[in-house]
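Engineer: Attaching a single structure in structure tokens format; questions to follow.
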Amino acid sequence: MSASRPEPVVPARTTLRRLLTFVYPHRVGVALGTLLGLAAAGLGTGSVASLAPILNVVFEKDGVERTLDVLRKGGAVGREAAEFASAYADGDAMRLLGLLLIGLIGIALVNAAVTFGHKYVAEIVTTRTQLDLAEALFDRLTQHDEGTLARLGMGNLTARFSYDLDMSGKAITTMIGTLVLSPARFVFALGAAVALSWQLTLASLVLVPPVGLFANYLGRRIRRAAEGMLEERAGLLSRVQETVHALPVVQIYGREAAEQARFRTATARVFGWAKRLARLESASDPSLQVAEILGIAPLLYFGGLLVSRGELSVGTFLTVFFLLAAAWSPLRKVIGAASRLQGGVAGAQRIFDTIDLTPAVTERPDARELPPLADAVAWTDVRVVYPDGRVALDGVTLHAPAGKTTALVGPSGAGKTTLLHTLPRLIDPTEGAASLDGEDVRTSTLTGLRGRMALVTQDARLFGGTLADNVAYARPNASQAELAAASAVSRVDEIVARLPEGWETVLDEGGGGLSGGERQRVAIARAVLRDPELLLLDEPTSALDPENERLVRAAPTELSRGRTTIVVAHRRETVLAADHVVVLRAGRVEAEGTPAEVTEASATFRELFGA
């Protein structure tokens, strides 16, 4: 991939303003951190400014009087300090020096405590804001359908919660930390320097405008490089997840070396962008250091001239020098942070781009609860076209009688699962409608619609947690007696009996530790526990061996009695036991009726199940 990118579409200011909306709920912490930062900046400047009277005491013959003159320049507080110091020292330079050193140590200790508070508060606010971002992103992902998430890619989604979130955190820390503390330190140090010698201060600042322009240019390039690196890192994660998921296939076909080569190609692209980003970020500090030295040169020249003329004391000159050095340090941090901020902007914008994706399935403003099913589930002129142009369903019209079992059959790719998924609105038809007693399911609230259904698929999806948690996922408030009843129907009680910790056995991610048949029984127990009005079964036994199939098939059969059941089926026994059969082929209905009727009417049915 070429290491070049177009200008970012969304301006950095827009992304930063939006990022600040996530910071706003924590404004009390931000305000506290800002106050502490300002206090730390003022105390830090006070530490440096206090060197002027100390140096005057040390270097000047009339050091006591010069020191008191410097203190009197500090406004009302300075005048009070000068009066106290004068009374305490009583003309003794060493007594005055001791007093000033005690004051310097006191300022340093308070400054250390205040700086700690500022950094702690900034870190807490940053972490909480990052988690708010993660929650908003996760909330949006749970509203999308599987097709959208598949197009986004697991690697990209994982990168949003890792790399992008980390980069966003750096942007937040920069905004509420560095960009609060460092500017304050710069202003305070500059103000103190101006108070002591405006001529020297002005001479040292001639390079600030061109340095700012350079930093702005560098920041734009850093953002583009950060975006490129984040995209390539997401691709790297996708490569890892894809390979791990398909590792048996990789190994059986001896493709380990090929996959390793592909991974190295991906890491080389990441490294290319990382080098570019490192080169740009590394250029910031040296450039600013050169500018700092160029700014110091006129300071030293004019300072030496003023001292030689007797217009400035050595102590004051050295203090102005230290103050301006102290001002350049935070200025360097601000400019460097502004450049690095662009990397955080890139990460934040990638998160916002994902949050802004509109879910394909949304609830209508006037959605309502639909009455219980009395007549039939129906699909009318349903057409589903996927984003890549594939037609999954093409004008499907059929019905499934209430209280009966309807089997959907057909060859692979006929559209059976797609049709099933339109009922709970896991996807919406491109044209046409799925309905309950003639009411379009899109007029129902999503919670109300899905709350009356249970779905069991061929791939039982379990979660990390206890066995009890996984069964109770459909009804978290279910009693132990209800869990036991559901487990008896689904034969999960046999699993509970053999596990040393029973219901409290902790399962690994995806139900690791259980066999495929056991995982399927847990999924069926979930459906039993929900006691749904409509039971949706998507080939729940297709991947099981005959013994596990026999055990698992008994539970749905018992559960579907007297209940509206729609089953995607490939087993002859399941199909012949159904009350109503629909044969699909290439996204169209080929035949519909009783098993006997479709046997006579459909060549596809006869091919699949015999005469």
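Bear in mind that the values in this text are calculations on the coordinates, not laboratory data. Remember, it's a predicted structure, so these values are computed and weren't measured experimentally. Cβ: placed from backbone, ideal geometry, glycine included. Neighbour counts: every protein chain shown.
Engineer: Stretched out fully, how many nm does the piece from residue 198 to residue 440 gain, at 0.36 nm a residue minus the Cα gap? Mind showing how you got there, number by number?
Structural biologist: On the way: separation 242, 0.36 × 242 = 87.12 nm, distance 7.74 nm.
Length gained between residue 198 and residue 440: 79.4 nm.
Engineer: Taking amide hydrogens as modeled 1.01 Å from N in the peptide plane, which residues meet the under 5 Å criterion relative to residue 410, leaving out close sequence neighbours?
Structural biologist: It is 584, by chain and number.
Engineer: Next question. What is the ratio of the Cα radius of gyration of the stretch 289-393 to 2.2 N^0.38 Å, where N is its residue count, to two decimals?
Structural biologist: Numbers: Rg = 34.4 Å, N = 105, 2.2 N^0.38 = 12.9 Å.
Rg over 2.2 N^0.38 Å, computed on Cα atoms: 2.67.
Engineer: In nm, what is the difference between 0.36 nm times the number of residues separating residue 388 and residue 594 and their Cα-Cα distance? Write out the running numbers ahead of the final one.
Structural biologist: Values: separation 206, 0.36 × 206 = 74.16 nm, distance 3.56 nm.
Result: 70.6 nm gained on full extension.
Engineer: Next question. So, R0 is 25 Å and r is the distance between the beta-carbons of residue 488 and residue 531; what FRET efficiency does that work out to, to 0.05? Intermediate values should be presented prior to the final figure.
Structural biologist: Values: r = 14 Å, r/R0 = 0.57.
Efficiency for this residue pair is about 0.95.
Engineer: If you don't mind, there's one more thing I want to ask. So who's got an amide H within less than 5 Å of the one on residue 589, skipping anything under 5 residues away but keeping other chains? H placed 1.01 Å off N, in plane.
Structural biologist: 397
Engineer: List, largest first, the extents of the alpha carbons of the stretch 379-449 along their principal axes, each in whole Å.
Structural biologist: Here the Cα extents, ordered largest to smallest, are 31, 25, 19 Å.
Engineer: Got a sec to turn the phi values of the stretch 327-335 into Karplus ³J(HN,Hα) couplings, 6.51 cos²θ - 1.76 cosθ + 1.60 with θ = phi - 60°, whole Hz, x for Gly and Pro?
Structural biologist: Using θ = phi - 60°, the values come out as 6, 5, 4, x, 4, 4, 5, 4, 5 Hz.
Engineer: Next question. Relative to the present Cα-Cα distance, how much length would full extension add between residue 301 and residue 265 at 0.36 nm per residue of separation?
Structural biologist: Working: separation 36, 0.36 × 36 = 12.96 nm, distance 5.53 nm.
Between residue 301 and residue 265, full extension yields an extra 7.4 nm.
Engineer: Shifting gears a bit: What FRET efficiency would be calculated for the residue pair residue 128, residue 469, taking the C-beta separation as r and a Förster radius of 25 Å, to the nearest 0.05?
Structural biologist: Taking R0 as 25 Å, the efficiency between residue 128 and residue 469 is 0.35.
Engineer: Moving to a separate point now. Determine, for each peptide in 148-158, 381-391, the mean count of other beta carbons within 10 angstrom over its residues, then list the peptides with the highest first.
Structural biologist: 148-158, 381-391
Engineer: Round to the nearest 0.05 the FRET efficiency obtained for residue 309 and residue 213 when R0 = 30 Å and r is the Cβ-Cβ distance.
Structural biologist: Working: r = 35 Å, r/R0 = 1.18.
Taking R0 as 30 Å, the efficiency between residue 309 and residue 213 is 0.25.
Engineer: Another question, then. With Kirkwood's inverse mean 1/r over C-alpha pairs for Rh, give me the Rg to Rh ratio of the stretch 365-492, two decimals please.
Structural biologist: On the way: Rg = 16.9 Å, Rh = 16.8 Å.
Checking Rg against Rh, the ratio lands at 1.01.
Engineer: Further question: Taking 7 Å along the Cα-to-C-beta vector as the label spot, tell me the residue 399-residue 508 distance in nanometres, rounded to one decimal.
Structural biologist: The answer from the label model is 5.0 nm.
Engineer: Still on this structure, I have one more. When 1/r is averaged over all different Cα pairs and the result inverted, which Kirkwood radius in Å belongs to the stretch 433-526? The partial results should precede the final answer.
Structural biologist: Numbers: mean 1/r = 0.0694 Å⁻¹.
By the Kirkwood definition, the hydrodynamic radius is 14.4 Å.
Engineer: Convex hull volume of the Cα atoms in the stretch 106-237, per residue, in Å³?
Structural biologist: Numbers: hull volume 17.3 nm³, N = 132.
In the stretch 106-237, the Cα convex hull volume per residue is 131 Å³.
Engineer: Label residue 109 and residue 461 with points 7 Å out from Cα along Cα→Cβ: what is the distance between them in nm?
Structural biologist: Taking the two extended label points, one gets 6.1 nm.
Engineer: How would you order 456-463, 179-186 from highest to lowest mean count of nearby Cβ atoms within 10 Å? Walk me through the numbers before you get to the answer.
Structural biologist: Numbers: 456-463: 18.4, 179-186: 21.4.
In decreasing order of mean packing, 456-463, 179-186 become 179-186, 456-463.
Engineer: Follow-up question, since we're still on this one. What list of ³J(HN,Hα) couplings, whole Hz, do you get for the stretch 170-176 from phi and the Karplus terms 6.51, -1.76, 1.60, once you set θ to phi - 60° and write x for glycine and proline?
Structural biologist: 5, 5, 5, 4, 5, 5, 9
Engineer: Over all alpha-carbon pairs of the stretch 362-407, lay out the pair-distance distribution in 5 Å bins, whole %, shortest bin first.
Structural biologist: Values per bin, smallest distances first: 6, 15, 15, 16, 23, 17, 7, 1.
Engineer: Hey, could you grab the Kirkwood Rh for the stretch 114-179? Inverse mean 1/r over distinct alpha carbon pairs, Å, one decimal. Mind dumping the intermediate values first?
Structural biologist: Values: mean 1/r = 0.0757 Å⁻¹.
Over the stretch 114-179, the inverse of the mean reciprocal pair distance is 13.2 Å.
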